[in-house]
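Take a look at the structure below.
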Protein chains: 4
Amino acid sequence: MARRLRLGMVGGGQGAFIGAVHRIAARLDDRYELVAGALSSDPARARASAAELHIAPDRSYADFTGMAAAERGREDGIDVVAIVTPNHLHYAPARAFLDAGIHVICDKPLCHTLEDAIALQRAAHSSTALFALTHNYTGYPLVRQAREMVRDGGLGDIRMVQVEYAQDWLTTKLEDTGQKQAAWRTDPARSGAAGCVGDIGTHAFNLAEFVSGRRAESVAADLSRFVPGRALDDNAHMLLRYDGGARGMLWCSQVAPGNDNALRLRVYGTNGGLEWAQEQPNEMRFTPFGEPPRTIHRAGSGASAAAGHASRIPSGHPEGYLEAFAQLYRDFAEQICARLEHRAPDPACLLVPGIEAGLRGMRFSAAALASSAADAVWRPIQAR
Amino acid sequence: MARRLRLGMVGGGQGAFIGAVHRIAARLDDRYELVAGALSSDPARARASAAELHIAPDRSYADFTGMAAAERGREDGIDVVAIVTPNHLHYAPARAFLDAGIHVICDKPLCHTLEDAIALQRAAHSSTALFALTHNYTGYPLVRQAREMVRDGGLGDIRMVQVEYAQDWLTTKLEDTGQKQAAWRTDPARSGAAGCVGDIGTHAFNLAEFVSGRRAESVAADLSRFVPGRALDDNAHMLLRYDGGARGMLWCSQVAPGNDNALRLRVYGTNGGLEWAQEQPNEMRFTPFGEPPRTIHRAGSGASAAAGHASRIPSGHPEGYLEAFAQLYRDFAEQICARLEHRAPDPACLLVPGIEAGLRGMRFSAAALASSAADAVWRPIQAR
Amino acid sequence: MARRLRLGMVGGGQGAFIGAVHRIAARLDDRYELVAGALSSDPARARASAAELHIAPDRSYADFTGMAAAERGREDGIDVVAIVTPNHLHYAPARAFLDAGIHVICDKPLCHTLEDAIALQRAAHSSTALFALTHNYTGYPLVRQAREMVRDGGLGDIRMVQVEYAQDWLTTKLEDTGQKQAAWRTDPARSGAAGCVGDIGTHAFNLAEFVSGRRAESVAADLSRFVPGRALDDNAHMLLRYDGGARGMLWCSQVAPGNDNALRLRVYGTNGGLEWAQEQPNEMRFTPFGEPPRTIHRAGSGASAAAGHASRIPSGHPEGYLEAFAQLYRDFAEQICARLEHRAPDPACLLVPGIEAGLRGMRFSAAALASSAADAVWRPIQAR
Amino acid sequence: MARRLRLGMVGGGQGAFIGAVHRIAARLDDRYELVAGALSSDPARARASAAELHIAPDRSYADFTGMAAAERGREDGIDVVAIVTPNHLHYAPARAFLDAGIHVICDKPLCHTLEDAIALQRAAHSSTALFALTHNYTGYPLVRQAREMVRDGGLGDIRMVQVEYAQDWLTTKLEDTGQKQAAWRTDPARSGAAGCVGDIGTHAFNLAEFVSGRRAESVAADLSRFVPGRALDDNAHMLLRYDGGARGMLWCSQVAPGNDNALRLRVYGTNGGLEWAQEQPNEMRFTPFGEPPRTIHRAGSGASAAAGHASRIPSGHPEGYLEAFAQLYRDFAEQICARLEHRAPDPACLLVPGIEAGLRGMRFSAAALASSAADAVWRPIQAR
C-alpha cells in the first residue's frame, strides 16, 4: 500500500495560478494529502483559502516561520512542503523547512538572486531533507525517453542542441493593466534581474541540459526589452557551447504573437536527431540518419521504459501538462517514502530536478545577463 | 467552500484500466473522496484493492448489493457510486444504487442488451438519484465549444457530419493471448452483441450527436470481423441520416494499424466547418466559408466560455484525456451538490451525458447490427 | 537524345483552366512541342489563343474533325492530341483522333455517358493509337510508391480502403453567378448525370483502386444535392466492397467549407497502413503494425524506385500538382516513343491510366447513381 | 502575345543538378527557348549535352567567351543567359555577358570572393543588361505575400526575425565518396571561404531581409566544422541585429539528421506574427495578436494579389520548388520584354533579386566568417 504523504503549502492562496497547478499535481496520483498551509500573507485570505482546501483551521498559518516550527513539532506534522510563492519569496521558506528537516518542493527559478541560490544549496546539503525543483517539463514521458535515448547513444555524439520557448502574453504592456502575473513577473524586485530569461529561459536551458546530457559551458546572449518601459528583458537570443563540443541556440520570448507556450527542443548527433514540442507532448520525432523519420508516441510502439514509467494511460489518450507536473510529485513521493522506509528508491524516480538544477538555472541567468551587458560576448556558465 | 462528495466504486480492482481512470478523474478537481467499494468479485482481491486505495476495511464490500444496502444505511454513506465493471455488469449495480437513491456514474456503453438499457432508463426516471454516463469525450473543452458554435449558428445549417474512431490494438487475435481487455471486449457474453461498434462506435456516435445537435434517424451499416475467428465485429462502415437533412458517415475500427485512439469529428454547414481530433485535443480547426481557416486553442484566443468552463490551465499548457474525463466528474459534482443544497445547478454543468445518451447508444448499436445483418439497408434509430 | 513529340490540343482556349494545366504538364519535361490546336469553338477565340501559344495560323483549326484530317495528312503532323474540353465533348474528338491513328491524352472523366464510354473503349481497342486518361493523382511519386508497397505485400492483406475528396467551392450556388467552371460542372447536359461524383468522386475511386490493387465490386451510395436548386449531386457518401474481402468508404464533396482539394487516401492491411494526402503530397505515413509510424518523403530515405522514377528534384524541395500531372505526360511520351522506335517501353512508364481506367470510372459513377436512386442499396460495379 | 526569349546557358551539362532546375524553370511558363549553351568545359560532354537539349550544334560553344562573342554578333542571338556553374565560375561569365549587353540570370551565391562580387556589381551598373540572381525562395507566392503583409504594416513594427535552413546530407564525410555535389560544395577553391553559410545560409539571410524589409546591420556568428577533416563550415549559429531595432537568429546546418531542406522563417511584430516553411510552401500561419491563428493558403482565402501573381493553379493544388524557381524566370522575362518593348514593366515583376541582393549575401558571408574567427563578436554587415 502506497503511503500518502502529508503535504503543506506556502503561497498558493485564492487567485494564484501555480499553486493550483501544484495541488492538482499532488492529488493526481494520490500520494499526497494537503493538510497545512501558509497560503497568503493576508490573514483573511489565508484563512479563506485554507477553508476552501479543507485544511483544518489550526493548520492554516499566518506565515511560513510559524508553520515550519509548528509542523515540525506535531506528531502528524507535514512530511513535505510545496513553496509556490513569487521568486523573491523562495529562499526564506525553503531555508526554514530544510532547516526543520521537512522535505521541500520548490517552484522555479530557485531564487531571486544568485547569492541566495548558493546559500540555499549549502542549506540543502546540510539538511536531512530532500529538495525538489519543479522544472516540470522534465516530467513529460517523451522528455524522459529523449534523455534516455541520447544517453544510450541512439543519436551518436551530440553536435547541436536547438531549444526555444516562445510565448506572446507580454506582447503589450500587460503589467500596466493590473494583471497580477504580469505585474510580478516583470518586476525586478519580485522576479530578480532576469525577466523572460528567468521565467522561461531557465526552463529551456534546463530541458536542453536534461535531455542532451551535456553541460553548457558558455553563453553569448542578446537580451531585449521590446515593450517600451518594461523593466526586464522580454526576449533573448543566445548562442551556447556545451561540453564535448556540442553547440546550440536558445531563444526565449514573451512577445512572439501566436505562441502560447511553445517550448521546443531539437537535438542532433552524428547518428540521428530528436524533435519534441511541449504543445504536442505525446509524440516525438526521431530521425535516425539515412532512415525515414519515425514518430514515437508516448506509451505506444517505440516508447521506452522511461516513457512508460511516466505514463498513466495508453497511447492515443493524450496526457498533458498536469500529468507531467504530477510526475515530479509522484517520483518525489517515492524518494521520500524510500527514505522513510529505509530502503533504496526506485531508480526511475531519481530524475526529479533538485538543488543543483536550480543553481544551474541561476548561473545560466547570471551568465546570460552578464553576456548581454557586455554586448553578447561569451560568458562562462559556472559548473556548480 | 466546495463540498467533497463521498464516492463509492463498483469494479476497478487491481489491474483494471478504466477504474483507475475514474479514480484519477474523481481526484483531479478535489470534489470527491473515495470511501467505499466493491472492487472485485474475488474477495481477496477486493480487500487488497481497497487497502491500496485507503478505503476502510469495513467499507470494502463483497458485492454491490451489500454495498448499496449498507451505504444507504450509514449516516456518512456514499453520495455517489462509480460503476466501472465490464458491460454485462452495468445494469444490476446501476439499478441497485438508483433504487437506493444513490447517484450513479456509469461507464459506457450503458448496458449489455437493449432490454436492460430500457429497463434502466425506467429505473432512472423513477429514482430520486441522478445518473451520469461517462461518454468522456464530451468533457473536452473544444468539444463543448464545438457544440456551442453549432448551436449558435456559427456553421449555418448543418449538412455533413463525418466521424471516425480508429484503433489498431485488435489487428491480430489478441484475445487468444490472454490479454484481459481483449478477452472481455471481444466476448459477446460480456460485451454484448456489438464489438467495435459498442466499444468505440458508440463514442463516435455520441460525439457526432453531441456536437452537431442533430439526431441520427437512420443508419446503413457494413460490419466486419476481419480477424479470423473473432466473435464480434472489429470494423464498421456506416452511412447516417440526421434530422434536419444532414448526412454523414461513421467509421470505427480496431484493426487499422497506426491508429492509437483516433477519434475525429468534422462538421460542415452552410457557413463553415469544424474539425477536431481527440489525439490533438487542444486545438480545433474552424473554417468559416470564404475566409482563411482559424485554429482555436483551448483557453486561447477564440476559445469560448464553454471551453473555458472545462479548462484548468492556460492555452499552450496541454490538457488531455484525464482532464476531459474529470470534467464529467466535476460537472456532475455540481449537479449533485445543487440538489443537496436545494439550489439550481450552474447551467454550464448540465452537459454530462445521462441515461438518455446511454439509451441512444444502445439503440444506435442495435440499429447498426440490424442494418448490417440485412446487408446494409437503412434501419431507423429509434428516437428514445 | 529524347525525342520531342508534336502535340495538338482540342479545347483549352483563353480562360480555360485545365487546358493550361495540360500545357504546363506537357512542357515541364520537354518531351512535347505544341504545334496545332482546335482551341475553341469560337473562331476568333481559337485564333487568338493559338497565336498566344505560338501555334502557326495554318495549324489553328476551327474544329477537331478538320484538325484530325489535316494533321493525319501532314508529314509533320501531330503525334498526339490532348483533349481538354468539358465532359460532353470528350467522346467525339477522342474517337476522331483514335480513328486517325493519332495518340490521345484525354481529360477525365472519360465521357458524358456510359454508352459513349463503352463505344470509346471499342474504338480504342481497334485503333493503332495509344490512349491516356489524366487521372493525374496517379502521377504523384508517393502514390506510385504506395501502390508498389501494397503490391509487394508491405501491408499484408488489404482490409480497409478509406478515401475522400473534399472541396468547398460549390458551397453556395456559384453556378448562378456566371462562373464558367461552376456552370458547366453542375450542368447535366455538359457534365453528365454525375456531378460531384463524376468530377472528383471518380478521382477518389481511381486512386483507391490504383493504390490498393483491389477492384471495387459493389457500392452503396447516398448522394445529396445540398444546395437548393442545384441540378447535380454535390456530396456523396459511399460504402464499398472490394474483391478479396476488403471494404471501404468513399466521401466526395464540393460543399465542405475549409477543404480546397482535400483528396486523402488511407489503406490498411493485416501488417500495416499507409496514409497520403494530396495537399501534402511529398510525404506519406507508413505504419507497420507494432512499430512507430514512419514518414516517407518523396525522394528521401525510404522512397522507392517507383517514387524516384516520378521525381525530378531531391527530397525537401517540394514537387506538386503540376509535376504529378507532367508525370503522366512524361510516361506517355516514353510509351509513344517506344512504339515509334519499335522497342519495348520502360516498364516504369506503363502506369498511366488508360481507357480501362476511364471505363471503370464511368461504371463506378453509374453504379453509385443507381444505388443512390434505390436508397443506397448495394449495386455491382461491372468489372469491365 | 507574350514573347518567347532566346536563352543560353553556361554550365548545366549532363549530370548537373541546378542546371536542370533552371531549364525546367525556364520552360514552365513558356517564356524562354533554350537555343545556345556552353554546357561543359569538357568538349565531348558539352556537345552531347547540347544535342540532348535540342541545341543546334553551331550554338554549342566550347567556352563562355566564345559564346558571348558569337551570340552578341548574331541577328537571332540570345536575349539572356543563365549561369549555373559552381560558385568560382560565376564571375567571369557573368562579367562577359554583361559586357556584351546580354541579360544575365546567375545562380547564387553571387561569386566566389567578395572582391569579385564588388567588381561584378560595378560591371552590372555599367551594363545595359539586366541581372537576376536566383534566390529562388523569393519566388514562392506566400513569401511574396509575407513581404507584402510586413510592408503594409500587418504585423506592426518588426521585433524578431527567426530564420533557419537545415539539411542533413553532409552529416557524414560525403565529399570523400566522390559525390560531386559534396565535393565542390565543401571545397574552398570552388565554393569560396563559406561552406554551409555560403550555400544555404545566404538563402536564409536573403529570405529574412526580403520578407522583413529590414536590413541586417551586424552579426555574431559561431561556425562549426562538425565533420572531422571537413574544409568548410557545415553548421552555423548566428545572432543578428536589424535596422529599426529588430533582432533575430539564423541557423544553417548541413549536418542535422532528419532535415531535408528545412528553410523556415518566422517574423514577429508588435501586432502579429508570420510563420512559413519551405517544405510546406502552400500555407502560411498568420497570428494577429489576440486572435486565433489563421492559415493562409496560396491562392485561397486570405491570399493576396502578390501571392496570386506568383500562382498558376487554385488553392489545394500544391505548387512547389520548381514553380517558385520559375516565378523568377517569369518575372525576369517581363522585365526584359518591357525593356525590349520600351515600356514600363509590370510592377509585380520587380521583386526578382538582383546584383544588390547578391552583394548583400557576400557581405553577410564575409561578416559571419569574420565574426566567427573573432569568437563570435559582432561584425557589421556593410550596407552596400
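D:Leu120 - would you say it is outside any strand (DSSP E or B), farther than 21 Å from D:Glu334 by Cβ and touching a strand residue (DSSP E or B) at 6+ places or on another chain (Cβ under 7 Å)? So that I can check it myself, show each step before the final result.
Values: outside any strand (DSSP E or B): yes; farther than 21 Å from D:Glu334 by Cβ: yes; touching a strand residue (DSSP E or B) at 6+ places or on another chain (Cβ under 7 Å): no.
It is false that D:Leu120 is outside any strand (DSSP E or B), farther than 21 Å from D:Glu334 by Cβ and touching a strand residue (DSSP E or B) at 6+ places or on another chain (Cβ under 7 Å).
Within the range D:283-320, being within 14 Å of chain A (Cβ to nearest Cβ), in contact with an Asp or Glu (Cβ under 6 Å, 6 or more places away or on another chain) and among the hydroxyl-bearing types (Ser, Thr, Tyr) holds for one residue alone: D:Thr295. Are any residues in the range A:241-295 under 28 Å from D:Phe226 (Cα atoms), of a type in the set (S, T, N, Q) and surrounded by 24 or more Cβ atoms within 10 Å (Cβ to Cβ), and if so, which ones? Matches in the range A:241-295: A:Thr287 only.
If you go through the range B:14-39, how many residues are touching a helix residue (DSSP H, G or I) at 6+ places or on another chain (Cβ under 8 Å), of a type outside the set (D, E, K, R) and at pLDDT 95 or above? Can you show your working first?
As a first pass, look at the range B:14-39 and keep what is touching a helix residue (DSSP H, G or I) at 6+ places or on another chain (Cβ under 8 Å): B:14-15, B:17, B:21-22, B:24-32, B:34-39.
Filter again for of a type outside the set (D, E, K, R), leaving B:14-15, B:17, B:21-22, B:24-26, B:28, B:32, B:34-39.
Imposing the further condition that a residue be at pLDDT 95 or above reduces the set to B:21-22, B:24-26, B:28, B:32, B:34-39.
Adding up the residues that qualify gives 13.
Applying the criterion of being over 21 Å from C:His237 (Cα atoms) and not basic (Lys, Arg) to the residues of the range B:211-233, the residue that is nearest to the other protein chains (Cβ to nearest Cβ) is B:Phe226.
Exactly one residue out of D:Pro347, D:Pro292, D:Pro281 is without any contact (Cβ under 8 Å) to a residue 12 or more places away in the chain, within 30 Å of B:Glu283 (Cα to Cα) and not aliphatic (A, V, I, L, M), and it is D:Pro292. Filtered by the rule that a residue be farther than 30 Å from B:Ala194 by Cα and surrounded by fewer than 22 Cβ atoms within 10 Å (Cβ to Cβ), the range B:77-99 gives a lone residue, B:Gly77.
From the list A:Asp176, A:Asp187, A:Asp233, A:Asp168, which one is in the same structural domain as A:Asn259 (by TED's automatic domain parsing), under 29 Å from D:Leu155 (Cβ atoms) and touching a helix residue (DSSP H, G or I) at 6+ places or on another chain (Cβ under 6 Å)?
Details: A:Asp176 fails: touching a helix residue (DSSP H, G or I) at 6+ places or on another chain (Cβ under 6 Å); A:Asp187 fails: touching a helix residue (DSSP H, G or I) at 6+ places or on another chain (Cβ under 6 Å); A:Asp168 fails: touching a helix residue (DSSP H, G or I) at 6+ places or on another chain (Cβ under 6 Å).
Just a single option satisfies the conditions, and that option is A:Asp233.
If you filter the range C:112-171 down to residues that are of a type in the set (S, T, N, Q) and within 14 Å of another protein chain (Cβ to nearest Cβ), you find that the one that is farthest from C:Asp99 (Cα to Cα) is C:Thr171. You will find that of C:Phe17, C:Phe97, the residue that is closer than 30 Å to C:Ala310 by Cβ and over 18 Å from the mean Cα position of the chain (by Cα) is C:Phe97 and no other.
Taking the range A:241-270 as the range and being facing another protein chain (nearest Cβ under 8 Å) and assigned to a loop (DSSP other than H, G, I, E, B) as the test, the residues that pass are A:Val255, A:Ala256, A:Pro257, A:Gly258, A:Asn259, A:Asp260, A:Asn261, A:Thr270. The set of residues in the range C:261-276 being over 23 Å from D:Pro314 (Cα atoms) and touching a residue at least 60 places away in the same chain (Cβ under 8 Å) consists of C:Arg266, C:Val267, C:Tyr268, C:Gly269, C:Thr270, C:Asn271, C:Gly272, C:Gly273, C:Leu274. Just one of the listed residues (D:Ile118, D:Ile105, D:Ile78) is at pLDDT 95 or above and under 17 Å from D:Gly66 (Cβ atoms), and it is D:Ile78.
On the stretch given as the range C:106-117, residues that are surrounded by fewer than 20 Cβ atoms within 10 Å (Cβ to Cβ) and part of a helix (DSSP H, G or I) total 2.
Selection of first residues in the range D:56-76 that are surrounded by 15 or more Cβ atoms within 10 Å (Cβ to Cβ) and of second residues that are among the aromatic types (Phe, Trp, Tyr), restricted to Cβ pairs under 6 Å at least 6 apart or on distinct chains, gives the following pairs, ordered by first then second residue: D:Met67/D:Tyr61; D:Ala68/D:Phe97.
Which strands (runs of 3 or more DSSP E) sit wholly inside the range D:1-105 and have at least 2 residues that are more than 27 Å from D:Ser126 (Cβ to Cβ) and within 13 Å of chain C (Cβ to nearest Cβ)? Walk me through it before giving the result.
Details: elements: D:5-10, D:32-38, D:80-83.
Qualifying strands (runs of 3 or more DSSP E): D:32-38.
So, restricting to helices (runs of 4 or more DSSP H) that lie completely within the range C:136-240, which ones have at least 2 residues that are surrounded by 21 or more Cβ atoms within 10 Å (Cβ to Cβ) and not hydrophobic (A, V, I, L, M, F, W, C)? First the steps, then the outcome.
On the way: elements: C:141-151, C:180-185, C:188-191, C:202-212.
Counting at least 2 such residues, we get C:141-151, C:202-212.
Any idea which of B:Gln327, B:Gln280 is farther than 29 Å from C:Trp169 by Cα and not small (Gly, Ala, Ser)? Exactly one residue qualifies, and that residue is B:Gln327.
Condition check ((1) surrounded by 24 or more Cβ atoms within 10 Å (Cβ to Cβ); (2) within 14 Å of chain B (Cβ to nearest Cβ); (3) among the β-branched types (Val, Ile, Thr)) across all residues:
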site: A:Leu322; (1), (2), (3): yes, yes, no
site: A:Leu340; (1), (2), (3): no, no, no
site: A:Ser365; (1), (2), (3): yes, no, no
site: A:Ala374; (1), (2), (3): no, no, no
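The values are calculated or read from the model by the stated rules, or taken from the named source; none is laboratory data. Everything numeric here is computed off the predicted structure, so don't read it as measured data. So basically every Cβ, Gly included, is an ideal-geometry build from the backbone, and we count neighbours across all protein chains shown.
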